[in-house]
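None of the figures in this text is laboratory data; all of them are computed from the coordinates on show. These numbers were taken from a predicted model, which means no experiment stands behind them. Backbone-built Cβ (ideal geometry, glycine too); neighbour counts: all protein chains shown.
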Amino acid sequence: METIKPEILKEHARKASTFSHSPFSNYPVGAALLTEEGSIFRGCNIESSSYGLSVCAERNAIAAAVVNGHKKFKALAIYSNNGATPCGACRQVIWDICGDIPIYIFTKDGEFEQYRSKDLLPFPFDDSKLIKESDQ
Ligand code: THU
């Protein structure tokens, strides 16, 4: 399969950020998640008047992909005005659902940084720590 360039994912994440519902923070974020098959799922942050119920762009992109039957992922792009990196909760969910993938961070001014999810969440808790039924 042809590799998709980070710039293509950036455009999807940028577009997603335009749909952000962020009246409380005024901080729009968009995310674009590339599946192993080459499809792209978008997410934006959606805030709630009960602030703690707000959901980040990254987790909404992951939910969009998972609900459409995707389980394997190749890369995640995040677009914001000034280069948001994933919050702690998102780092956990990215690790749980996507494993060790590249994460591309874009700003509106065209700055670009690249990380790996493994490096963003050192010493992770994950399903390898959970006791499986077969171990009991
Ligand atoms: N936010 C994201 O959607 N992704 C990030 O990587 C950082 C933060 C959202 C959460 C909240 O709606 C707003 O940005 C300000 O924190």
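Distant-in-sequence amide contacts of Phe73, defined by a placed amide H-H separation under 5 Å and a gap of 5 or more residues or a different chain, comprise Glu36. Between helix 57-67 and the chain, what is the angle of the helix's C-alpha long axis to the longest principal axis, kept within 0 to 90° and rounded to the nearest 10? The angle comes out at about 60 degrees.
Between the helical axis of 6-17 and the longest alpha-carbon principal axis of the chain there is an angle of about 70 degrees. The charge dipole of the chain, taken about its Cα centre with unit charges on the Cβ atoms of Lys, Arg (+1), Asp and Glu (-1) only, comes to about 200 debye.
What's the FRET efficiency of Thr3 with Glu111 using the Cβ-Cβ distance as r and R₀ = 25 Å, to the nearest 0.05? Write out the running numbers ahead of the final one.
On the way: r = 22 Å, r/R0 = 0.88.
Efficiency, from the Cβ-Cβ distance: 0.70.
FRET efficiency for the pair Thr18 and Lys132, taken as 1/(1 + (r/R0)^6) with r the Cβ-Cβ distance and R0 = 41 Å, rounds to 0.45. Relative to the longest principal axis of the Cα atoms of the chain, helix 88-98 runs at roughly 60 degrees. Dividing the convex hull volume of the alpha-carbon atoms in region 92-132 by its residue count gives 65 Å³ per residue. If you model region 30-105 as an ellipsoid using its alpha carbon gyration tensor, with each semi-axis the square root of five times an eigenvalue, the axes come out at 19, 14, 11 Å, biggest first. Considering only DSSP beta bridges whose two residues both sit in the chain, what percent are antiparallel, to the nearest 5? Here the antiparallel bridges make up roughly 75 percent for the chain.
May I have the convex hull volume per residue, in Å³, for the Cα set of region 1-72? Present the calculation step by step, with values, prior to reporting the outcome.
Working: hull volume 5.6 nm³, N = 72.
About 78 Å³ per residue, rounded to a whole number.
Note on the chain: helix-only mean residue ellipticity at 222 nm, from DSSP H runs of 4+ residues weighted -39500 (n - 2.57) and normalised by residue number, equals -8000 deg cm²/dmol.
Dividing the Cα radius of gyration by the Kirkwood radius, what Rg/Rh value follows for the chain? Each step should come with its number before you reach the end.
On the way: Rg = 15.1 Å, Rh = 15.2 Å.
Computed over Cα atoms, the ratio is 0.99.
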